[in-house]
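Written below as structure tokens is the structure these notes are about.
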């Protein structure tokens, strides 16, 4: 179930995966990773005290990732503790990263939407910008490695937690109107002097790939959209794995699976809006993805006014995490072409 | 035998390791990795043609690493072909890297010593500098990821192939006097305006850790030394694995194992010089290293005038490659303290 390719590409050290797999079986998965997070926090504090700020930032990011995978698909009360640790450790990393991650907090319907902006260290702004959307089991803290790649190419990044995700979840569980949150983030970002409001794209991974389609269809300020392992609807809900159904139940704050099923199938449906999608859109899908590849056909059928680039990887699993860096480079290069057109 | 931790920390994608392991058994290890290298070269060329130079550089580095592991512990005539491909692909990457790698070629005893200098992209020079030494099965092309960490901390890097390594091997097989080559490289580097000649350290990995001790003992210009999984002598030659003995035979250009054994035991011995080591020296060793941990005692006993920092990792294997990024960060932070002393 756990995709090592995903974790490693997102920055989890291979050694940590081996150590989690080979742990003393009397230690739970949750406790093992939380201890790993605590170790990295201690190392980060030591490095920071000694003036090694770059190393400290790296350790806090590694600790944040460890806390993420402690609570990943873990559905008792400790999940909240893991989420909070992840947030806390990334928050300690943020000012130490290069370029640093600057935290912001917005308010939508009285609830706090927390996020981070990162601006390239070199070149001159205002910069083209990518708004990155997490998914069902990922939040704003996990796109650090992907951000590094964008930043190296002169593209600023914005990440945030929306309904059902990370810091927002306790206040606002899953909703259908994710685009309102993405738009609030764009309202904020486009006023920043470092950001070129005319060159903002949206990149969503997994469930975030669904949100990306919705956000780009309903907010005409986006000039490009990437749906990375996303989908248009949840008609295939009954084929989801039991663990994924647990996730849906959790993020919808449903008391029964039946309730979760009803909500997810009703709320996670962008079909009626896809005709509004007008901007260049990149769809990446793996043939071996649990998310049925027929979802690509749904987008193709309904997003008739959007120039679509469809990449179906014959050996790819969910989000093509098993294929190494190539599919990520290809998305990034495509996005760069949309946001930094050459003469 | 193959340490996935090493390969992944040095930049080989996890997906490439899985794909090599699960390859069609009728395809040799060599051919599989050379095909991987060719794929990355083609992707690099495509990215470069489309103006995605950073992506192109990354692909050429990945191709170079793939060619490295094609010929790794592979002892027929194709080894030379793998080495040449590695060199060629890294050479294509060099101008595209950020910061770029600038190639140099020196002459020692009429033979060409090839190397690369990289200077931090930010901050202002002249920069403290680390001279990085490869080992028995590693060359100047494989320290790219380690270099990135040093460069991010404002430390310039110099790598080269010495006797028995990479590009030099066809002209000059293994010799005992590696310090002459390191010194020639320092002669060159210290004249570069970007490099602070008063703040040059040497870092050697595995056999390079032996060379680092020798170089720092015999060239007083080095102000710090790291012996990363190194050793002082080869008294334990007979306990080496058969594959390592093949490597020794290859790099010494010996016709028999007996000849290789005699040369290695005679030439790879720094004991009579260790009393000349004066500079702060960091020794890292894993308790599970094939290289006996008693080698640390030899250094301790003989390098009586050097301030030693000795780190023995109880769970570490050769070069502690199995422990993830922490041991590397610790070496880098120590080196930074030696090269960038604070008031």
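At a glance:
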| read-out | value |
| --- | --- |
| Peptides B:251-264, A:179-192 ordered by average Cβ neighbours within 10 Å, highest first | A:179-192, B:251-264 |
| Chain B: most fluctuating residue of B:227, B:294, B:215 per GNM, C-alpha cutoff 10 Å | B:294 |
| Virtual spin-label span in nm between residue A:266 and residue A:239, 7 Å along Cα→Cβ | 2.5 nm |
| 222 nm mean residue ellipticity, helices alone, for chain A (DSSP H n ≥ 4; -39,500 (n - 2.57); rounded to 500) | -13500 deg cm²/dmol |
| Amide N of the range B:250-278 lying under 19 Å from the label point, which is placed 7 angstrom from the Cα of residue B:301 along Cα→Cβ | B:265-277 |
| The range B:100-339, relative contact order [Cα under 8 Å, separation at least 6], % | 17 percent |
| FRET efficiency, 1/(1 + (r/R0)^6) with R0 30 Å, evaluated for residue B:38 and residue B:253 via beta carbons | 0.55 |
| The range A:274-343 versus the range A:50-68: alpha-carbon centroid distance in Å | 32 Å |
| Overall form of the range A:1-98 per C-alpha gyration tensor (a/c, 1.5; a/b vs b/c) | prolate |
| Anisotropy class of the range B:135-190 from Cα gyration tensor, a/c 1.5 cut | oblate |
| Chain B: most fluctuating residue of B:265, B:168, B:331 per GNM, C-alpha cutoff 10 Å | B:265 |
| Ascending list, in nanometres, of distances separating the residue B:110 label from those of the other copies (7 Å, Cα toward Cβ) | 8.8 |
| Residue B:81 versus residue A:194: modelled label distance in nm, points set 7 Å from Cα along the beta carbon direction | 4.9 nm |
| Cα gyration tensor shape of the range A:192-343, rounded if a/c is under 1.5, else prolate or oblate by comparing a/b with b/c | prolate |
| FRET efficiency, 1/(1 + (r/R0)^6) with R0 51 Å, evaluated for residue B:246 and residue A:308 via beta carbons | 0.45 |
| Over 48 Å [Cα-Cα, the protein assembly as shown], rounded percent | 18 percent |
| Label-to-label distance, nm, for residues given as residue B:50 and residue A:31 (7 Å Cα→Cβ offset) | 4.9 nm |
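Every number in this text was worked out from the coordinates using simple rules, so none of it is lab data. Please read these numbers as outputs of a predicted model, since none were measured by experiment. Because the Cβ atoms are built from the backbone with ideal geometry, glycine has one as well, and the counts that use them run over all protein chains shown.
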